[in-house]
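To start, the structure itself, in structure tokens.
The values are calculated or read from the model by the stated rules, or taken from the named source; none is laboratory data. These figures come from a predicted structure and were not determined experimentally. Here Cβ is always computed from backbone atoms with ideal geometry, including for glycine, and neighbour counts include all displayed protein chains. All accessible areas refer to the heavy atoms of the entire protein, side chains included, with ligands and DNA or RNA removed. Shrake-Rupley method; radii C 1.70, N 1.55, O 1.52, S 1.80 Å.
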Number of protein chains: 2
Amino acid sequence: MTTDICSELRFDKDKIEKIKTKLVPNVVVDGLADTFKVLSDPTRVKIVLALLGGELCVCEIAEVVGMSQSAISHQLRKLKDLRLVKRRKSAKMVYYSLDDDHIIQLLTECMGHVQEEFREPISMPLIENVK
Amino acid sequence: MTTDICSELRFDKDKIEKIKTKLVPNVVVDGLADTFKVLSDPTRVKIVLALLGGELCVCEIAEVVGMSQSAISHQLRKLKDLRLVKRRKSAKMVYYSLDDDHIIQLLTECMGHVQEEFREPISMPLIENVK
DNA sequence: GTTATATATGAACATATGTTCATATATGGA
DNA sequence: TCCATATATGAACATATGTTCATATATAAC
């Protein structure tokens with residue numbers, strides 16, 4: 001028997017099986033990936049950041065983000081499908097807001113990771129307001 | 001002057017400008033989106049989950065995740081480029097481990113969001129071990 | 001040196017994604 | 001009713017992405 005770990009585990013897979021039993025179900029893995037995916041686009045991140053300051057209607061979001069009404073509407077649908085945002089209708093307007101507090105925490109944690117790239121801390125007025 | 005908010009803000013953009021000044025720079029928005037993006041794939045999520053239990057070599061990860069060595073190697077590169085994992089070389093082997101604690105927090109927060117879809121809390125033995 | 005093993009990587013392929021454009025739906029005012 | 005406005009959506013397009021396959025690199029044993 002060699003000391004080669006990878007060759008060895010083809011015959012003795014105890015460690016592998018032990019880890020496998022601790023993994024979460026695929027449906028949960030997919031849920032995690034899908035949630036991260038909806039935040040993986042700069043336009044959608046900007047929308048979420050803008051909504052940290054409170055609810056906005058679609059055309060306000062379009063103005064803030066600097067993108068077309070159609071593009072924003074498509075992206076809001078994805079954010080809503082994954083329960084990142086919720087909406088409130090009033091007359092002709094539709095107001096969007098963040099759905100729950102996990103979103104803010106997710107952004108804050110991610111910011112902590114991104115921050116390590118930069119020399120100085122990043123100012124995040126909107127997140128600071130929420131805290 | 002109409003009460004229509006969207007028409008109105010074409011002439012009075014105070015609210016919009018105020019929010020715009022509070023947004024983070026584009027380079028940070030992209031950093032956030034890129035970090036979320038690297039976690040937006042089920043294979044990469046599984047890799048990170050597996051590494052919660054400690055460092056693993058490439059072929060061990062491939063076994064645990066159930067994907068080819070090549071596919072895992074490609075994904076590890078992306079995880080490493082975004083500083084989600086780091087690596088340690090030893091003889092022929094390369095051992096990967098999580099790069100910092102933000103990753104665990106990110107997963108935990110995201111799990112909190114995903115959990116709301118399900119009736120009962122999801123068991124996450126590996127994360128519980130880390131805590 | 002040669003051979004075997006562990007990992008990395010480029011090309012190719014199918015699939016997924018984001019925006020634009022045109023248009024549909026819905027609501028309010030005349 | 002008819003028109004204007006706010007939002008939603010389907011089709012089309014270009015671009016991005018994940019896996020496979022073949023192969024390159026690196027290290028160890030002989």
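Here are some notes:
- Seen from A:Ile103, the other residues with C-beta closer than 10 Å to its C-beta sum to a net charge of -3, counting Lys and Arg as +1 and Asp and Glu as -1.
- q = 0.28 Å⁻¹: log10 I(q)/I(0) that the Debye formula gives for the range B:8-72, counting C-alpha atoms only: -1.10
- Taking the Cα centre of the protein assembly as shown as reference, the dipole from Cβ charges on Lys and Arg (+1) and Asp and Glu (-1) amounts to some 440 debye.
- Modelled label positions at A:Asn26 and B:Asp14, each set 7 Å beyond Cα in the direction of Cβ, lie 5.6 nm from each other.
- Angle of helix B:69-81 to the longest C-alpha principal axis of chain B, folded into 0 to 90 degrees and rounded to 10: 50°.
- Chain B: relative contact order in percent, alpha carbon pairs under 8 Å with at least 6 residues between: 21 percent
- Accessible area (Å², per residue) of the range B:39-130, counting only protein heavy atoms and a probe of 1.4 Å: 48 Å²
- Of all accessible heavy-atom area on the range A:23-69, the percent that carbon and sulfur account for (1.4 Å): 49 percent
- Taking the label point 7 Å along Cα→Cβ, B:Lys15 and its counterparts in the other copies are spaced 5.9 nm apart, in ascending order.
- Pairwise burial B:A, computed as accessible area of each alone minus the pair, summed, 1.4 Å, Å²: 6000 Å²
- Chain B: calculated mean residue ellipticity at 222 nm from DSSP helix runs of at least 4, using -39500 (n - 2.57): -17500 deg cm²/dmol
- When the alpha-carbon atoms of the range A:12-130 are used, the pair Rg, Dmax equals 17.8, 66 angstrom.
- Summary for B:Arg87: label point 7 Å along Cα→Cβ; distances to the equivalent points in the other copies, ascending, 4.4 nm.
- One chain, two ends: B:Asp81 and B:Glu117. Fully extended at 0.36 nm per residue, the span grows by 9.8 nm beyond their Cα-Cα distance.
- Inter-copy spacing of A:Val27 label points, which lie 7 Å from Cα along Cα→Cβ, given in nm from shortest upward: 4.5
- Degrees between helix A:42-51 axis and first principal axis of chain A (Cα, 0 to 90, nearest 10): 60 degrees
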